[in-house]
1. Could you please state, rounded to a whole Å, how far the C-alpha centre of the stretch B:1-74 is from the C-alpha centre of the stretch A:110-186?
2. So if we plug the beta-carbon distance of residue C:320 and residue A:406 into 1/(1 + (r/R0)^6) with R0 = 56 Å, what FRET efficiency do we get, rounded to 0.05?
3. Given axes a ≥ b ≥ c from the Cα gyration tensor, I'd like to know whether the stretch A:27-176 is rounded (a/c under 1.5), prolate (a/b larger than b/c) or oblate.
4. Any chance you could run the full-extension gain for residue B:287 through residue B:302? It's 0.36 nm times the residue separation minus the Cα-Cα distance, nm to one decimal.
5. What does the structure give for A:92-99 when I average, per residue, the other chain Cβ atoms found within 10 Å of the residue Cβ?
6. Rounded to the nearest 5, what % of the DSSP beta bridges within chain B are antiparallel ones?
7. Note the per residue figure in Å³ for the convex hull of the C-alpha positions in chain A.
8. Under the definition of partner shielding as Cβ atoms of other protein chains within 10 Å of a residue Cβ, what is the mean value for peptide A:68-77?
Ligand SMILES: Cc1cc2nc3c(=O)[nH]c(=O)nc-3n(C[C@H](O)[C@H](O)[C@H](O)COP(=O)(O)OP(=O)(O)OC[C@H]3O[C@@H](n4cnc5c(N)ncnc54)[C@H](O)[C@@H]3O)c2cc1C
Ligand SMILES: Cc1ncc(C[n+]2csc(CCOP(=O)(O)OP(=O)(O)O)c2C)c(N)n1
Ligand code: SF4
Ligand code: SF4
Ligand SMILES: [Mg+2]
């Protein structure tokens, strides 16, 4: 039924429809509403015999799911930011063991400085862990992706992160339609593990593997992702057929026909990007957009195909590889290797800095007219930066940069235009 | 291979492909060691083994194990000086296993139950045994088990030798002795009483014997010259004890002095007291510590009120007055006169100064060699200089005990059997000794020795009832279970349980264990934790 | 103490087996049909106490659980020596995830079983002292606090052995490790209050806590058999000498463990819901030197002159344990 609901509630309800058996959660903003809702549903007996464990850390949360999944249970958790880093060791481990856990990441910036607002630094930090990473554009897609995620995870025996922009999606009220339980049951069969802890068939899981087999094991993990490249569109298709929405898939193109410039981005910012595209198209600029839904596996082929004809690709990304620049853009460049396409990197929205339509339009125009420095930092307050750099020049020990910056801009000084 | 994910999942037990035995530099091996009790037993009993059976309550099996070596367990359980117990490793832990008490229980149980031993298949060979003391009886028994036809010529009116005419009834009830002798005779051993052998060659010829075992003991009492000795009433201990045993006790008077420090002296003193002597006083030229008598017997005698005069020699006897000289012991423990004298009163003096072998009739036997001290020389097979004639017991050079005599009987029987079959008996080499330091005594339960009850003192002084009582089944069982099973695996499962590599295979009750050298890493835990020291670590040969 | 000490049976209950006892009173380890949960071919060092302790504990648990058992293992020697590709020594369903998360992984297994309504399968988590008292302590405490249906077994060899003998929160005072070397003015592990995990476990008020030693199999098995069928969080801390890390003769593994118990340095007890309910009396108290002198990690205490002060301080720990738990028979300990 389609009605207005908070993104977190939509996600929680979608997860509940997937009949999870074990959930272990640790609160962290902006994931809290999801786990609160789920804990209520479990306690109220609305998710069958599902177990909800209030654990002592995110590391424990994912560890609990590793055990539960190995015991053959459908397992779910949600986290973000510090929580994701705190569980990092287990994140790699769950993937290495091929356990089909589904985890929502309510994307949020990383400390220090501590910041609870949205960007993609957290997911990016663990992009190589072996998990499939799907990014949702809006509340509806966030909900739908969870249903697809369980199916994908279990068919591949590989964990899946559904990345949802913190606050922007988790706390926004949008009209969201959810499939019925029957529809979900038809789409998502009960979990049948490839291997399981079973006294009747006692295998050892989690062996130590030396140089003689480790590369092969890693390749096989990679190969799962290659299979996912085929499977993701197929599951999207099935979902569309049975449930009637085209959520998911590897990527979505928006007005890319004849576009000389295509903006590529992950997550909710695509909404704003589409509006910027519309504005520029209205002005006669041949601009389009591609939303990457699957970030891992990275849909290089699909992307190349989608942007082939463009002269310029602008990657707008909510992360920063410090000392390098863009993370997504690097991968886009690799995907377009051999093409004459110019690829720009735009670092935007770090720590929740708003990405406005106006800024995007200004930036796209600038890119098309005079090109962008690489990387380009969208709406960076250069005055603050330059003052601090000058101060640092004077005294080698100038104190903590975050504090100095805060002093400069004042509290809640996120000045947006 | 499984269909499960490569390398991340493994099949159970697949490590069996990894043979960790190659790590080993030392290898454990099960080696039984000779328990000190077995080693010390003059009859060669496998004590540890029969205790093992007894521990499980398998008394008949235990008894049969004794009977492999010794046909007189009820007798030995009473009169043997049990050198096994002196050697018993448990003595270093708390107190030795009361081996003889368990042996006696088993012997008595056999008499109660009427257990018997079958003779061997007849060989048609005839063996003459001269003398029905413990040595002769033992030889007869073992020869019968070999299937030989045995005839015993015994000079006395009853069989048993010193067991009957030396050892008093309060130490060895005659019904016990009779029962054990009867059991031997029931194996087809032919006993001829009142048949003193005087012309051995003739008897061998006449009886068409293929071999002979001489076991005539040492029956001639040693004598010494004491001035004025005719003056008092003087007896020798052997004839005194013999007459008592035959039911014709001599008159002793009120005060009896016994001269000597051996077991015979003690038996004579205690017998005299039981016959009504008010004072039985032991006169010995050395002190208590130097008495050859067995400690427990001295103990019992003193309890019963036997008086003592240590460090005295009798110098003169006049009527009932004895003049004795005080002695001192020199550095070698030899008594030396002091020149100080005293007198005591005694109505009878009993001399218990040792015995000699009556070799008179043997001097005629060709080839037989008699040493200066009057004992018969034998080779290591107990054969005398006369081929086919063997000898053992008190009459050959050895310690003079019932058990040595019994052991000689067995040993002679084995050699006679081999001799009769034209071969040689070779004793299998014995295992190295299971010394105390090989044991891991932590594992054994603390347990006090089970004591045998003693007859009330008042009854002891005036009757010939048996002084020392037997163990009950319960106490015998507990006592058997005190055995440490020195050097001999008793299936405690320590090795099986404690191997970190599961490299020990348990074969089941009574079957022991084997080591799986495919996996044994040679850590040595099993050997270290074996309570009884039955595992050796030896260098790996590679 | 939970085991009935049998007297007058030659070795009583002190040996692994005893042919004189009835079947029921014999140990699981003495049985020909024991599981051998951790089987031959594993790569533990010669005389490894941890390998032995693990088989002891798991075989007993298997028996108590009628073979319906799942084990989760922390990273450490036990994990590494038992499961290097391509060979596993486990005969039970076994899962290794990480160094510090075994309790949580086990909680997850238990939760899955609850979700599936499988009450028959019992869950064990196990790890070394490092995994337990240090890196995994957060997860362990959480597992205790939630009273998850897991029996956690710590194999305490008093250091990080798998990484080559470094200090853990369970390393005893004065002991040499590669990160507390026997050099400088106070060689070895600095004396401190240490981390007494059994007592920390008790503080959680969980249904069952016990200590055990590879040197007392009967006691160990009885505790594991008792703990296995109980519901809720349970903890057993097993003392397992490591010949490598303790610089001891591999043949002395049991002996060293026994001396730890008999000296009072490793008290054996049980606690239920935070209260000590039983203690295993010391059979023959020995001075701590007997224990220390067998181990090279304490060799610097026995130099010329010996470090009497340090030895006395270790003796004081033993004495305090004996006093606290009432470990000497003469002290009239109940049960
Ligand atoms: C008083 C006393 C107490 C003792 N107490 C103990 C004790 O407690 N424990 C212990 O171990 N030892 C004891 N001994 C020693 C022990 O009795 C002897 O060592 C043992 O009996 C020797 O056995 P044997 O068979 O060699 O000789 P004997 O027992 O002396 O038997 C020899 C037999 O041969 C017979 N015989 C002799 N000559 C002839 C012949 N020509 N023809 C036919 N038959 C003949 C004799 O009549 C006799 O029956 C004691 C000895 C004495 C005297
Ligand atoms: C997070 C993490 N830190 C460190 C290690 C390295 N490491 C592996 S095993 C181990 C020591 C294990 O010690 P313990 O738990 O006592 O087990 P033991 O090997 O002594 O049996 C360490 C430090 C690791 N695997 N993971
Ligand atoms: S303990 Fe047993 S085997 Fe050892 S010496 Fe004593 S009786 Fe013989
Ligand atoms: S280092 Fe220690 S704990 Fe590890 S396998 Fe060797 S003996 Fe066992
Ligand atoms: Mg350790």
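1. Computed from Cα coordinates, the inter-centre distance equals 65 Å.
2. So, using R0 = 56 Å, E works out to roughly 0.60.
3. Working: a/c = 1.32, a/b = 1.11, b/c = 1.18.
In terms of gyration-tensor shape, rounded.
4. Numbers: separation 15, 0.36 × 15 = 5.40 nm, distance 1.40 nm.
Using 0.36 nm per residue and subtracting the Cα-Cα distance, I get 4.0 nm.
5. Values: counts 1, 5, 2, 0, 3, 6, 4, 1.
Per-residue shielding by partner chains comes out at 3.
6. Values: 27 of 59 bridges.
Antiparallel bridges make up about 45 percent of those DSSP assigns within chain B.
7. Details: hull volume 69.4 nm³, N = 417.
Cα convex hull per residue, to the nearest whole number: 166 Å³.
8. Values: counts 11, 4, 9, 17, 6, 8, 2, 4, 0, 0.
Counting other chains' Cβ atoms within 10 Å and averaging over A:68-77 gives 6.
Bear in mind these aren't lab numbers, they're just calculated from the coordinates by the rules spelled out. The structure displayed is predicted, hence computed values, not measured ones. Every residue, glycine as well, gets a Cβ built from its backbone with ideal geometry; the counts of neighbours run over all protein chains shown.
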